[in-house]
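Note sheet for the following structure.
The values are calculated or read from the model by the stated rules, or taken from the named source; none is laboratory data. Because the structure is a prediction, the values reported are computed rather than measured. Cβ coordinates were reconstructed from backbone atoms using ideal geometry, including for glycine residues, and neighbour counts include every protein chain displayed. The accessibility values were calculated without ligands, DNA or RNA, using every heavy atom of the protein model including side chains. Shrake-Rupley method; radii C 1.70, N 1.55, O 1.52, S 1.80 Å.
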Amino acid sequence: MSRADSSPGFARRGPDLTCDGVSLSALAEQHGTPLFVYSAARIRSQLAAVRSAFAAVTHRVHYAVKANSNLSILQLLASEGAGFDIVSGGELERLDAAGVSAKDAVFAGVGKTEAEMRAALAADILLFNVESAGELELIEQVATAMGTVARVALRLNPDIDAGVHKHVTTGTGRNKFGVDLEEAARLVRRAQESTALDLCGYHVHLGSTLRSPEPYLASLDKLLEFLDQSLIHAGGIRYLDLGGGFGVPYRPDDPDLDLPALGSAVAERLEGRNLTVLLEPGRFLVAEAGCLLTRVQFVKRSRARRYAVVDAGMSELIRPCLYDAWHAIEPVATREGSPQEFDVVGPICESGDFLGLGRPLVAPQRGDLLAVLAAGAYGSSMSSNYNSRGRAAEVLVDGTRATIIRRREPIADLWRLELP
Ligand code: LLP
């Protein structure tokens, strides 16, 4: 469980794991498994932690919708005053469906379509994070045709390796994201010539699961250097978007990202500059606020291994398979005895379908409930129907109230759009 035992979220009452005091076994009984359970209090406290770390800087928090795009979570964060970071027209439509304002949205992504640009301009989003020359031109054309001005921030690729898994690294010269600094200088001039573009900021996003402030500060330094060199346009620059990527301690011995230290170092560097910092945390706000409940179907032994076969797998949480990610797995009700190592595997027909390998469990039995912790980010939002499985249900615990915020997907919905 998280080391911050005083934080809201998942904690034991006697032998039983609860979400802010609400019994997880009761929720599993009522709603079935696999089931995602989220703590509203924990989402709020994570947001508060970001705000307090950056209190010395004028800043805005834009939640990265991709981490968990459930409408109720978007509403919760909007009601706490967060804006959003979106990467598709679909995410823009989600904001509308949740009834939250898109005016506080920033829009990144290397492949925005013309239709997405039109929709975002019509919704009057805060700004586009522009990732290429082609995109800048298309936004200009679309804005011109709509008789409006598009606010744009250039996404710079600072060529900094954040030292994270290769699939979540975005800020090196070998990644598809952003533009290198030479190209950026050219695009600044290009944007300046246009009456349909308001170049109002610069953006960097180095990747995800970062655990130290250094890469952020290195990229901020590059960004400021670039800003000072392109002084001619500095008047219009009001935003520095430092991206997201704040890591969380998935393993008990993972070093914490020292957010307060990052916040103070950013404040120091920006002193005397009239700039608003935009932050785009996704994982940090929701990962530890969520768990995935799953039931043991069978316990199985081979000559080499012991397996707990559970009813959730890579269709609910693909992170272990895709990024070698490690999530704590705990029994919902503890049992006395000495633990043995089990591979906790799902029902899907792939050897990559595991939630954790070699995990100590005390005599797991058919029907036992396990909780996969820190599963609130990139669990549900990356889930799939592979093997024709309906996606899991989701419950939000707020105080003593537990509300279902996504129904279990009916199997017949899986072929609703197919034309036999
Ligand atoms: N801003 C931009 C431009 C991004 O591309 C992302 C994530 C974020 C913010 C939020 O990053 P976060 O704070 O959540 O780390 N599926 C992977 C993570 C992929 C993140 C993609 N972009 C995972 O499960 O670890």
With a cut-off of 18 Å, note down the residues of the range 145-182 whose backbone N falls inside the zone around a label point 7 Å from the Cα of K103 toward its beta carbon. 148-152
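Please report the antiparallel percentage of DSSP beta bridges with both residues in the chain, rounded to the nearest 5. Could you put the intermediate results ahead of the total?
Working: 34 of 70 bridges.
Of all bridge pairs located within the chain, approximately 50 percent are antiparallel.
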How charged is the neighbourhood of L279? Take every other residue with its Cβ under 13 Å from the Cβ of L279, and add Lys/Arg as +1 and Asp/Glu as -1. -1
Which entries in K112/K176; K66/K222; K166/K222 show an alpha-carbon gap greater than 20 Å? K66/K222; K166/K222
Cα gyration tensor shape for the range 170-211, rounded if a/c is under 1.5, else prolate or oblate: prolate
Quick check for you: with a 1.4 Å probe and neighbouring chains kept, what is the accessible area per residue of the chain, in Å²? 43
Keeping all protein chains in the complex and leaving out DNA, RNA and ligands, what accessible area do you get for T144 with a 1.4 Å probe, in Å² to the nearest 10? 90
In Å², nearest 10: area of I411 left accessible to a 1.4 Å probe: 80
Distribution output for the range 59-207: share of Cα-Cα pairs per 5 Å bin in percent, first bin at 0, values 2, 10, 20, 20, 20, 16, 9, 3, 0
Between P320, L419, V309, whose Cα lies farthest towards the positive end of the dipole of the range 304-420 when Lys and Arg beta carbons carry +1 and Asp and Glu beta carbons carry -1, centred on the Cα centre? L419
For the chain, which whole percent of the accessible surface, found with a 1.4 angstrom probe, sits on carbon and sulfur atoms? 49
Ignoring ligands, DNA and RNA, how do S219, S6 rank by accessible area with a 1.4 Å probe, largest first? S6, S219
Nearest-10 value in Å² for the accessible area of S52, using the 1.4 Å probe: 80
Between rounded, prolate and oblate, where does the range 344-420 land on the alpha carbon gyration tensor, with a ≥ b ≥ c its root eigenvalues, rounded for a/c under 1.5, else prolate if a/b exceeds b/c? oblate
Under the rule of at least 5 residues apart or a separate chain, name every residue whose amide H is placed under 5 Å from the amide H of G171. A162
³J(HN,Hα), Karplus 6.51/-1.76/1.60, whole Hz, each residue of the range 256-270, x for Gly, Pro: 6, 6, 7, 4, x, 5, 4, x, 5, 5, 5, 4, 4, 5, 9
Where F246, F298, F177, F284 fall by accessible area, highest first, once all protein chains stay in place (1.4 Å): F298, F177, F284, F246
Search the structure for amide H atoms under 5 Å from the amide H of L278, placed 1.01 Å from N in the peptide plane, and list their residues when 5 or more places away or on another chain. R60, L240, D241, L242
Rounded to whole Hz, the Karplus (6.51, -1.76, 1.60) HN-Hα couplings of the range 316-328, x for glycine and proline: 9, 9, 8, 4, x, 6, 7, 10, 6, 6, 10, 10, 4
What does the extension gain come out to for S79 and W415, with contour length at 0.36 nm per residue minus their alpha carbon separation? 117.4 nm
Neighbours of A289 by Cβ distance under 14 Å: Lys/Arg at +1, Asp/Glu at -1, summed charge -2
Under 20 Å from the Cα of K103, which aspartates and glutamates turn up, not counting those fewer than eight places away in the same chain? E80, D85, E91, E93, E114, E116, D124, E140, D198, D241, E280
Sort all Cα-Cα distances of the chain into consecutive 10 angstrom bins from zero, then give the percent of pairs in each bin up to the one containing the longest distance. 5, 22, 30, 24, 14, 6, 1, 0
Using unit Cβ charges (K, R positive; D, E negative) and no other charged atoms, how large, in debye to the nearest 20, is the dipole of the range 236-365 about its Cα centre? 460
Everything considered on the Cα gyration tensor (a ≥ b ≥ c; rounded for a/c under 1.5, else prolate if a/b is larger than b/c, else oblate), the range 283-353 must be described as oblate
Residue-averaged [θ]222 nm for the chain, counting only DSSP H segments that reach four residues, each worth -39500 (n - 2.57): -8000 deg cm²/dmol
Could you tally the net charge around S39, taking each other residue with its Cβ under 13 Å from the Cβ of S39, Lys/Arg +1 and Asp/Glu -1? -1
